[in-house]
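Here is the structure we will look at.
The values are calculated or read from the model by the stated rules, or taken from the named source; none is laboratory data. Note that this is a predicted model, so its numbers are computed, not measured. Neighbour counts run over all protein chains shown; Cβ positions are idealised from the backbone, glycine included.
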Ligand SMILES: NC(=O)c1ccc[n+]([C@@H]2O[C@H](COP(=O)([O-])OP(=O)(O)OC[C@H]3O[C@@H](n4cnc5c(N)ncnc54)[C@H](O)[C@@H]3O)[C@@H](O)[C@H]2O)c1
């Protein structure tokens with residue numbers, strides 16, 4: 001009997017596997033394109049860089065924008081640019097996302113003044129520099145608080161309303177190092193990616209298909225966060241343009257894709273470094289991809 005069950009379970013697995021694979025393949029050609037008019041979109045770290053660009057790209061889509069940052073002057077400029085680009089309603093709040101109490105307090109204010117956030121974009125981030133041992137303890141803690149823990153608190157604040165209405169979208173702007181771990185503090189992003197994946201699985205378990213997740217893992221972007229950064233392999237691993245990156249992020253959200261890895265060459269490198277089952281013959285290929293990626297990162301980040 002248990003043998004028959006095993007065969008049945010294996011067959012069920014194979015049928016579902018082929019079905020979902022086929023579905024994903026068809027979606028490449030006929031992607032979803034959701035209408036976000038009327039949605040409340042909250043962006044953390046909206047006062048500069050990618051956060052600001054994402055706000056600008058959402059502006060013409062009829063959403064209500066909620067901007068969080070510690071940089072109030074920068075937020076004012078984002079409001080101005082969002083309005084020029086068609087935003088009708090933009091609300092800005094000073095909020096230090098690394099401070100749990102401040103996140104909860106500001107979230108309550110947003111719920112009262114604007115409504116329930118339906119698209120949450122965790123984008124605020126800080127950079128710590130290159131080498132783990134050179135990084136002061138206080139900065140190690142801060143980077144965990146901003147790049148990782150802040151995501152916990154914003155989810156806690158806004159996810160319950162999404163669950164109640166079975167409607168929402170959780171977006172995590174992480175980093176390609178969240179897939180490969182290339183420096184000590186890349187662990188921030190490994191956590192951020194793992195956390196977003198885990199909650200996505202939880203939502204599926206809770207039968208809340210209306211709550212989507214998008215995890216964004218870009219290589220270096222020319223925003224100033226990594227000032228003076230250069231790439232030794234501009235064709236394979238180019239430094240990304242912020243406007244292009246934000247546009248691609250917004251399209252990926254509209255298409256309800258789970259992952260976005262840019263530049264796209266990183267899909268291949270990720271597949272080779274992370275997911276290839278490694279029978280002996282593949283090992284040289286795997287270590288080649290790993291060495292290549294690490295070498296480029298090393299060259300792009302002179303100590
Ligand atoms: N720039 C890159 O090369 C790059 C590459 C991969 C991923 N990322 C990620 O993209 C995101 C945006 O990066 P960016 O390049 O636009 O950086 P940026 O420095 O231009 O902008 C980050 C924003 O976050 C805000 N911020 C910082 N700490 C905050 C806090 N505690 N509370 C609220 N706001 C805070 C800053 O004031 C700033 O406006 C970050 O999460 C970063 O890790 C950046």
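Here region 129-147 is the region considered, the condition is being in contact with a helix residue (DSSP H, G or I) (Cβ under 6 Å, 6 or more places away or on another chain) and within 10 Å of the ligand (Cβ to nearest atom), and the residue that is farthest from residue 242 (Cα to Cα) is 143. The number of residues in region 92-112 that are over 14 Å from residue 41 (Cβ atoms) and touching a strand residue (DSSP E or B) at 6+ places or on another chain (Cβ under 8 Å) comes to 5. Looking across region 237-254, the residues that are in contact (Cβ under 8 Å) with a residue 60 or more places away in the chain and surrounded by fewer than 16 Cβ atoms within 10 Å (Cβ to Cβ) come down to 243, 247.
Residues that are closer than 20 Å to residue 179 by Cβ and within 14 Å of the ligand (Cβ to nearest atom) within region 192-222 comprise 192, 193, 195, 196, 214, 215, 216, 217, 218, 219, 220, 221, listed in sequence order. Condition check for residue 233 on (1) over 18 Å from the mean Cα position of the chain (by Cα); (2) more than 16 Å from the ligand (Cβ to nearest atom): one failure, at (2). Taken over region 99-133, the criterion of being closer than 20 Å to residue 147 by Cα and part of a loop (DSSP other than H, G, I, E, B) is satisfied by 99, 123, 124, 125, 126, 127, 128, 129, 130, 131.
Filter region 154-207 for residues that are modelled with pLDDT of 95 or more and crowded, with 22+ Cβ neighbours inside 10 Å and give the result. Across region 154-207, the qualifying residues are 154, 158, 162, 168, 169, 170, 171, 172, 173, 196. With respect to the stated conditions, residue 238 is over 17 Å from the mean Cα position of the chain (by Cα), modelled with pLDDT of 85 or more and within 15 Å of the ligand (Cβ to nearest atom). All conditions in (1) within 24 Å of residue 148 (Cα to Cα); (2) more than 16 Å from the ligand (Cβ to nearest atom) hold for residue 94, with the sole exception of (2). Out of everything in region 23-52 that is assigned to a loop (DSSP other than H, G, I, E, B) and within 16 Å of the ligand (Cβ to nearest atom), what residue ends up being surrounded by the most Cβ atoms within 10 Å (Cβ to Cβ)? Per the stated criteria, the residue is 46.
Any residue at all in region 82-91 that's touching a strand residue (DSSP E or B) at 6+ places or on another chain (Cβ under 7 Å), closer than 26 Å to residue 256 by Cβ and loosely packed, with under 14 Cβ neighbours inside 10 Å? Yes - at least one qualifying residue is present in region 82-91.
With respect to the conditions (1) away from the ligand (no atom under 11 Å from the Cβ); (2) assigned to a helix (DSSP H, G or I), residue 65 falls short on a single one, namely (2).
Annotation note: Cβ proximity below 8 Å between a residue of region 1-22 that is exposed (fewer than 10 other Cβ atoms within 10 Å of the Cβ) and a residue that is in a helix (DSSP H, G or I) (sequence gap 6+ or interchain) occurs for no pair.
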